[in-house]
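Below: the structure, in C-alpha cells.
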Amino acid sequence: MQQLVQLLVAGLATGAIYALVAVGFMLIWQTSQTINFAQGEFVMVPAFFALAAMKWGGLSLVASLGVALAVSVILLGVVFKYLLVNPMLKHGVLPLVISTVALSILIKEGVREFYGAEAQPFPVLWNSADINIFGMPVSAQSLVILAVAVVVVTALQLFLGHTRLGRCMQATAQNPPVALILGIPVERMILLTFVINAALVAVASVLISPIYLAKFTNGETLGQAAFIAAIVGGFNQARGAIAGGLILGVLDNLAAVYISAQYRGAIPLFLLIFVILFRPEGLFGRRVERTV
C-alpha cells in the first residue's frame, strides 16, 4: 500500500509536468492550427538559460530563473511565432510541421555543442526529503511539483474563463474570422497564446530539471509524452490535456514497477493507439463535426 501511494504521488507529479506542456500544445493548436514538434526542446532549453545566467552572469538562482523565463518568452514565444510560424504557415501545415521538427533538431544539437553531452546538475528550490502523511513517507519534491502545477493551471483557467482578455483568446480559438468581425485583435491574441506557451514550458523545465538533470536529450521524452497526453485527453479541451497528462504520468510509473521497466516506453504508445481507435476525439474531448 505504501509503495502504491508513493507511485501514485510520483506519477501525478510527472503527469502534472506533462499536463503543463500538453496545455501549451493545445492552446497553440486551437488559436493558430500549429502543431509544434519542437515543444519538447522548448521544455529542455529554459533550464540551460538559467544555468548560463548563473555561470556567466553570476546571478542568484531566483534571478536566473527570472532571466530564463524572460528569455523563453522572447525566444520561444515571440521570435518563434514571427520568424518561423508566420512565414511557414502561409505555405500550409506540412511545411510548418517539417520546420518545427528541424527546429527541434537545431535546438538539441545546439545545446549539445554549447554545453556538452553530459547532464548538468540543476539546483533544487525545495527540500527533497520525504514527508510523513498518515504514517506514509511521501516525496516532498513530488508534492511541490503538484502544488506548483495546480496553481499554474488554475491561474490559467481563471484567466481564460474570467477575464476579458481570456474570453477574447477563447473566441479567437473558436472562430477567428468572427472574432475579427467583432473587433477582437486576433493577431494579438494568437501572439499571447505563444507567450503563454513559452511561460508554461519554462515552468515545466524548472520543475523537471532537478529530477532528470539538465541534458540535451530531455526534450525527446517530454515532447512525445506531452503530445500523446494532449491527444489522449482531447486536443480541443484544456481539461482533456490536463487529464491526459495525469493519466499518462500515473500509468507510466505503475507500469515501470508492476509490469516491466523495459516496456515502460511502450505504455503511452499502446494508450495512444487505443484512444485513436475507439475515441479519436480523446477521452475528454468533444467531437467536431465537419461539413463537406
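Cβ-Cβ distances below 6 Å connect no pair with a first residue in the range 230-243 that is under 18 Å from residue 40 (Cα atoms), a second residue that is assigned to a loop (DSSP other than H, G, I, E, B) and of a type in the set (Val, Ile, Thr), and a separation of six or more residues or different chains. Residue 138 meets the conditions (1) under 22 Å from residue 47 (Cβ atoms); (2) modelled with pLDDT under 90; (3) of a type in the set (Val, Ile, Thr) in every case but one. The failed one is (1). Just one residue in the set 211, 196 is β-branched (Val, Ile, Thr), assigned to a helix (DSSP H, G or I) and either under 24 Å from residue 123 (Cα atoms) or touching a strand residue (DSSP E or B) at 6+ places or on another chain (Cβ under 6 Å) (or both); that residue is 211.
Of all the residues in the range 55-67, those that are assigned to a helix (DSSP H, G or I) and either surrounded by fewer than 19 Cβ atoms within 10 Å (Cβ to Cβ) or at pLDDT 95 or above (or both) number 8. Of the residues making up the range 152-184, just one is touching a Ser or Thr at 6+ places or on another chain (Cβ under 9 Å) and outside any helix (DSSP H, G or I), namely 184. Residue 222 falls short of the stated requirement of being at pLDDT 90 or above, in a helix (DSSP H, G or I) and within 13 Å of the chain's Cα centre (by Cα).
Among the residues of the range 207-217, the ones that are closer than 21 Å to residue 63 by Cβ and either in contact with a Ser or Thr (Cβ under 6 Å, 6 or more places away or on another chain) or buried (at least 22 other Cβ atoms within 10 Å of the Cβ) (or both) come to 4 in all.
The values are calculated or read from the model by the stated rules, or taken from the named source; none is laboratory data. Keep in mind the model is a prediction, meaning the values are calculated, not measured. In this analysis, Cβ positions are derived from the backbone assuming ideal geometry, glycine residues included, and neighbour counts consider all displayed protein chains.
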